Amino acid sequence: MTTAIEVTDLRKEYGDKAAVDGLSLSIRTGEVFALLGPNGAGKSTTVEILEGFRKRTSGDVSVLGHDPAHASREWRERVGFMLQSTSDQMLLTPREAITHMGRLYPNPKPTDELLDAVGLKEKADVKPRTLSGGMRRRLDVALALVGSPELVFLDEPTTGFDPEARRHFWALIESLKDAGITVLLTTHYLDEAEHLADRIAIINDGQLAALDTPAGLRAKAIDSVVTWTENGTQRRTVTPTPTATLRELLAATEGEVADLAVTKPSLEDVYLEIIGGNE
């Protein structure tokens, strides 16, 4: 399997502060890779370096086989960028914006196809300032995809989306994966990362704190939670041996145990444990 992004011992320093501190990771071609971390962890700085918008202090970075610090026009034509507020101040309609942006690329996606894919078909000819925040984010997604990129960076793409719009967006990302496009996604929505990502990297204090599949990260949780009702009172215990706990509970209870449930910690629980509550 080929590699779309390779990062080795990446550092970015501001004075005596290391925003990124020796980060190494590899992203495979065609995978959806989620980058998570609390505010100030260094993920935005890392992504900006990968996009070629920020210089690194040291380390090696390869994106689609090239150093983004010396990116050519041909390299940028292969990469799609979704920034945090691309369309907020735009005066063009979504149709005009996508058509105009498409002229900058040798192989643009059809405008109507993109409008339909991001759910803006019925708003194609209105000014962006009249769109809701979620709809402007949809336009940002379309502008990132207009050049038919091999790799796309999506920075907090569903901020402001309602639940239905998020689900439509998830389907769009899944279609990108089916087409072999590599996606680097930053998000604060743990359910989004769990649903979309093949692998998740968690950055904390500028360093890689964890890297695994969503299932692999959940498996790092040792304890399970056992809950039940006893004499009208909700009981709860956290244990690394839920089977033994259940045996003890059943032995001490006559008849059925009311409201008995055994649950493993969620990805969010594991994430908060990894970052030490720094979110």
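Taken together, the values in this text are just the output of simple stated rules run on the coordinates, not laboratory data. The shown structure was predicted, so the numbers you read here are calculated from the model rather than taken from an experiment. Here Cβ is always computed from backbone atoms with ideal geometry, including for glycine, and neighbour counts include all displayed protein chains.
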Partner lysines for Lys55 [C-alpha distance under 27 Å; skip if fewer than 8 residues away on the same chain]: Lys12, Lys17, Lys43
Calculated FRET value between Val238 and Asn39, using beta carbons and R₀ = 35 Å, to 0.05: 0.80
Label of the coordinate-derived value, Rg/Rh (Cα atoms, Kirkwood Rh), listed as [x] 0.95; [y] 1.07; [z] 1.11: [y]
Whole-Å distance, taken between Cα centres, linking region 131-159 and region 172-228: 20
Pairwise FRET efficiency - His195 versus Ser72, Cβ, R0 = 30 Å, nearest 0.05: 0.30
FRET E, pair Asn107, Ala258, Förster distance 41 Å, beta-carbon r, rounded to 0.05: 0.10
Shape of region 88-172, Cα gyration tensor, a/c cut at 1.5: oblate
Candidates per trypsin sites (Lys or Arg not before Pro) in region 1-55, loop by DSSP, up to 11 other Cβ within 10 Å: Lys55
Burial ordering of Ser72, Ser62, fewest other beta-carbon atoms within 10 Å first: Ser72, Ser62
Per-residue HN-Hα couplings for region 94-111 [Karplus 6.51, -1.76, 1.60; θ = phi - 60°; Hz; x = Gly/Pro]: x, 4, 5, 5, 5, 4, 5, 5, x, 5, 7, 10, x, 9, x, 6, x, 4
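Rank by packing, highest mean first: peptides 255-261, 29-35, 63-69, with packing defined as the count of other Cβ atoms within 10 Å averaged across residues.
Working: 255-261: 11.4, 29-35: 20.9, 63-69: 17.0.
Put in order of decreasing packing, that is 29-35, 63-69, 255-261.
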Rounded if a/c under 1.5, otherwise prolate or oblate - region 222-263, Cα gyration tensor axes: oblate
Interchain or long-range residues, amide H under 5 Å from Asn204's placed H: Ala209
Projected label distance in nm at Lys220 and Asp162, using a 7 Å step from Cα toward the beta-carbon: 3.6
